[in-house]
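Everything below concerns the one structure shown next.
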Amino acid sequence: MREALLLIVILLSPVSPGEGEEPSLDELVASLGAAESADRDRADALLAARGESARSPLEGARTSEDPEVRRRADRLLRRLDLHRDLAPVLRVLPWAEKAILDGGRPGAADVLAEVLRLRERGRMLLRIDEDALAPLVAPALRHAPGEIASLLVRQSFRGPAGLGRHAVPVLLEWSAGHDEVLRELARDLLERFVGSITPTAELRTMLEDRSPRIRARAAGYLGKQGPAARSAVPDLIAALDDAEGSVRESAVEALGLVADEDAALPSIITILDREREDRVRDKAVRALAEIGAARDLVALITAEGDEDAPDRERALDVLSRLPATKAPDLVPLLAIDDAETRVRTLVALGQLGNASVAPDVARLLDAGGSEAVRALATLKTLRAVGQLEAALRHGSADVRAGAVVHLDELRASESLEALRVCVEDPVALVARVAARAVVRLASDPDETLAALAAHRDPSARCEAMRLARRCRREAAMRLALDHASSDADAEVRREAIITATELASRPTAEEALVDEIVSVIIPALDDDVPAVAVEASQALAVIGRKKPATVVSLRRQLAHADESIRQHAAAALIVLDAAEAPGEVSALAELRAAAARDQLSLGASFVAQLIDRDDTPPSEPLTRLLRIALGDRNGRVRHRASRALARAPRGDQERED
């Protein structure tokens with residue numbers, strides 16, 4: 001009985017129409033405006049699940065009178081657009097959907113910025129490649145030009161397939177637009193990204209950009225693509241008529257790299273006929289060589305008229321740089337009735353390795369000036385040692401010096417005796433460069449340096465002191481002992497003291513030699529030239545021999561009228577641990593007072609000599625000096641002193657002087 005009543009109740013219960021069936025799209029769209037939020041959310045989710053099939057009803061819902069229906073329809077349509085346009089991104093960045101959806105289309109900028117920042121810190125998975133991020137670039141750049149542009153610039157240097165190339169369509173649009181700020185930003189970015197733009201079509205578009213810089217860069221990068229960019233040859237030829245010389249220059253250079261002779265030759269010849277800018281003409285001549293039009297370069301050389309002289313020079317210069325196998329025969333050009341052309345032809349033949357012209361090139365040395373310089377360089381290219389050695393006896397000192405330099409560069413040991421003779425050349429320049437060559441080429445340069453040290457010119461004697469230090473031979477360095485206090489020139493005396501100091505500081509220096517050097521330097525403390533007296537004080541401090549005569553002489557300098565002499569004498573006394581003496585001026589007080597007046601200047605090279613000889617901690621006296629040196633007005637002195645004090649024992653750093 002109970003079951004029958006239950007059946008009756010069920011049969012009599014009202015049934016909702018369509019219940020148990022899937023609602024239609026129109027019903028779901030209508031439910032977006034339902035009274036209950038749960039019903040609205042359920043309709044929203046079901047419409048999202050239907051995907052593209054729901055697009056048409058949702059488009060119609062945008063005109064609904066219910067604002068809630070319009071809002072939700074717009075949101076769902078954005079989701080559909082998102083999945084359609086950014087599918088590659090959403091496959092690998094599922095978290096990006098909510099960020100872009102909540103922020104609308106501008107959210108693309110936030111997502112891309114975050115991705116680029118993560119990649120920059122090395123925290124992004126490698127599976128997120130350029131193809132996945134590419135769809136974000138244009139919308140992100142439109143929404144946040146400044147921030148995204150900065151990130152793109154940094155990312156673009158990570159490789160040729162940088163994201164910057166995906167921004168090019170937007171940048172091209174901006175560069176032709178009316179917004180001045182965006183135009184400037186676009187031009188700047190196009191210049192940066194143009195190197196990663198491989199499609200020739202985009203570079204061809206950039207040849208018509210408003211900015212001359214971008215046009216020139218686009219032509220340049222088309223040239224770098226070589227023959228692969230031959231479809232752009234008509235555009236490059238058109239660019240030869242550009243109002244900007246930089247664009248014409250890049251275009252004609254690119255033609256030489258991209259086009260073949262048949263396509264480019266008429267245009268290059270035309271620009272040579274009408275162009276007035278030297279840089280453009282220079283690139284045009286080089287372009288002729290690139291396309292293999294050597295015969296046209298020869299035609300330029302044989303052209304008559306003074307106005308063609310620069311092109312003849314360019315053509316000969318270019319021909320001289322060609323591989324010998326590609327260069328035409330230039331010997332007939334020597335018959336041209338133009339002295340300059342004949343000279344340049346000889347040089348070009350020499351540069352191409354035609355050794356038979358060496359005697360003729362050598363005769364050009366008599367012309368002097370730039371012709372002699374080029375002739376010497378050509379003889380070096382030909383390795384014409386005989387002609388260069390003969391030039392050592394030339395009447396011009398410049399030619400003699402140039403010949404010495406080239407023989408040195410050729411390491412022409414067979415010319416060593418001739419170079420030794422040049423050390424006694426009356427012109428100091430020749431003597432100096434000859435001595436340098438002998439020091440490099442000879443195993444026993446002692447006699448050569450002795451001859452240079454006896455030269456009448458002080459600059460030659462100074463060079464002898466410097467070369468003695470360079471070759472580090474004791475016999476050569478002993479030359480300094482004869483010049484440290486007796487040479488007539490102050491600079492020679494100073495260089496001699498430096499050389500003698502280096503000799504005394506060698507670990508292998510014998511006691512007797514060091515004592516001899518100190519006895520030679522002490523008289524230099526009373527030199528009339530302050531620079532020499534200062535160098536002598538520095539030398540005694542570096543050598544570090546606390547002899548009674550040394551201390552007495554340095555203490556006498558504490559009363560000198562010249563402040564630099566007083567300071568360096570005080571510094572030497574401190575290093576020698578003889579800073580204090582009863583009833584006499586304190587060396588420490590002298591330097592502290594100078595530091596307090598901001599007048600302390602010890603010299604960085606002096607401090608370096610004291611502390612940079614090894615990595616051992618500085619002695620206690622030197623630590624005292626370095627603590628004072630922290631107040632030196634020379635930043636390099638302060639820096640060196642600070643570094644050295646870091647190596648000092650902690651007790652020495654904290655002890656009061």
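Filter the stretch 491-513 down to the residues that are outside any loop (DSSP other than H, G, I, E, B) and more than 21 Å from ALA464 (Cα to Cα) and list them by number. First the steps, then the outcome.
Keep residues of the stretch 491-513 that are outside any loop (DSSP other than H, G, I, E, B), which gives 491-504, 511-513.
Matches in the stretch 491-513: GLU511, ALA512.
Answer with yes or no whether ALA484 is within 21 Å of SER601 (Cβ to Cβ) and in contact with a Ser or Thr (Cβ under 9 Å, 6 or more places away or on another chain). When the stated conditions are applied, ALA484 does not pass them. Just one of (1) modelled with pLDDT of 85 or more; (2) in a helix (DSSP H, G or I) fails for SER64. It is (2). Within the stretch 441-472, the set of residues being outside any helix (DSSP H, G or I), under 19 Å from ASP408 (Cβ atoms) and in contact (Cβ under 8 Å) with a residue 24 or more places away in the chain comprises ALA442, PRO445, HIS455.
In the stretch 473-483, the residue that is nearest to ILE521 (Cα to Cα) out of those that are part of a helix (DSSP H, G or I) and open to solvent by 10 Å² or more (accessible area, probe 1.4 Å) is LEU481.
Could you check how many residues of the stretch 204-227 are farther than 13 Å from VAL247 by Cα and of a type in the set (Val, Ile, Thr)? Result for the stretch 204-227: 1.
Scanning the stretch 402-421 for residues that are in a helix (DSSP H, G or I) and open to solvent by 10 Å² or more (accessible area, probe 1.4 Å) yields GLY402, VAL405, HIS406, ASP408, GLU409, SER413, GLU414, LEU416, GLU417, ALA418, ARG420, VAL421.
Within the stretch 455-472, the set of residues being open to solvent by less than 80 Å² (accessible area, probe 1.4 Å) and either under 15 Å from ALA428 (Cα atoms) or more than 36 Å from the chain's Cα centre (by Cα) (or both) comprises HIS455, ASP457, PRO458, SER459, ALA460, ARG461, CYS462, GLU463, ALA464, MET465, LEU467. Screening the candidates ASP317, ASP366 for the property of being at pLDDT below 75 and part of a helix (DSSP H, G or I) yields one hit, ASP317.
In the stretch 251-270, which residues are under 34 Å from the mean Cα position of the chain (by Cα) and assigned to a helix (DSSP H, G or I)? If you could, list the steps in order and put the result at the bottom.
To start, the set of residues in the stretch 251-270 that are under 34 Å from the mean Cα position of the chain (by Cα) comprises 251-259, 268.
The answer is ALA251, VAL252, GLU253, ALA254, LEU255, GLY256, LEU257, VAL258, ILE268.
Inspect the stretch 389-411 for any residue being without any contact (Cβ under 8 Å) to a residue 12 or more places away in the chain and either farther than 30 Å from SER356 by Cβ or among the small types (Gly, Ala, Ser) (or both) and give the result as yes or no. Yes.
The values are calculated or read from the model by the stated rules, or taken from the named source; none is laboratory data. Since the model is a prediction, treat every value here as computed from it, not as a measurement. For neighbour counting, all protein chains shown are included, and Cβ atoms are generated from backbone atoms with ideal geometry for every residue, glycine included. The accessibility values were calculated without ligands, DNA or RNA, using every heavy atom of the protein model including side chains. Shrake-Rupley method; radii C 1.70, N 1.55, O 1.52, S 1.80 Å.
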